[in-house]
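What follows is one structure encoded as structure tokens, with my remarks underneath.
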Amino acid sequence: MTSPEFGLGAIGQISVTVHDVDRAAAFYRDVLGLAFLFRYPGMAFFDCAGVRLYLTSHAGDAMHTSILYYRVDDIGDAVGQLEARGVVFDQGPRLAHRDARHELWLAFFRDSEGNTLALMSEVPL
């Protein structure tokens with residue numbers, strides 16, 4: 001029997017499959033500036049403000065991953081900072097949604113393994 005009050009909430013960990021864990025770990029640590037937690041063979045873990053990012057190697061040619069959206073206050077500044085570190089954006093800051101509360105701005109780029117990542121900024125009106 002399930003409780004009507006039950007509901008999932010906070011995400012504890014997100015897994016991203018990569019071709020080369022060492023190369024990806026260096027990108028997430030040195031380029032994106034994520035806080036490194038620990039390593040195991042074929043795995044690396046980072047802290048993203050309380051959500052753990054788990055990088056793991058894949059076997060085979062097909063690679064599927066989720067898009068990670070990193071929340072930033074100033075998307076223009078964040079894009080500039082990452083571009084200064086060598087990140088090339090597939091799509092620069094673009095207004096994705098506007099409602100009575102805020103505008104949602106998104107920018108998309110790829111990690112060292114070809115996975116799509118994004119910046120998101122909710123700007124109050």
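The values are calculated or read from the model by the stated rules, or taken from the named source; none is laboratory data. Everything numeric in this text was worked out from a predicted model, so none of it was measured. Positions of Cβ are generated from backbone atoms using ideal geometry, with glycine treated the same way; all protein chains shown enter the neighbour counts.
The table that follows gives values for the structure above.
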item: Test: residue in region 73-87 that is in contact with a strand residue (DSSP E or B) (Cβ under 7 Å, 6 or more places away or on another chain), part of a strand (DSSP E or B) and outside the structural domain of Arg29 (by TED's automatic domain parsing); result: no
item: Residue match in region 63-78 (condition: among the β-branched types (Val, Ile, Thr) and without any contact (Cβ under 8 Å) to a residue 40 or more places away in the chain); result: no
item: Residue list for region 93-115, filter: exposed (fewer than 15 other Cβ atoms within 10 Å of the Cβ) and in a strand (DSSP E or B); result: Arg94, Leu95, Ala96, His97, Arg98, His102, Glu103, Arg110
item: Of all residues in region 47-58 being of a type in the set (A, V, I, L, M) and surrounded by 13 or more Cβ atoms within 10 Å (Cβ to Cβ), the one that is farthest from Arg71 (Cα to Cα); result: Leu55
item: Residues within region 19-35 that are in contact with a Phe, Trp or Tyr (Cβ under 8 Å, 6 or more places away or on another chain) and exposed (fewer than 14 other Cβ atoms within 10 Å of the Cβ), tallied; result: 1
item: Lone unmet requirement of (1) surrounded by fewer than 16 Cβ atoms within 10 Å (Cβ to Cβ); (2) in contact with an Asp or Glu (Cβ under 9 Å, 6 or more places away or on another chain); (3) modelled with pLDDT of 95 or more for Ala44; result: (1)
item: Residue satisfying condition, being of a type in the set (Phe, Trp, Tyr) and out of contact with any Leu (no Cβ under 9 Å at 6 or more places or on another chain), within set Phe36, Phe46; result: Phe36
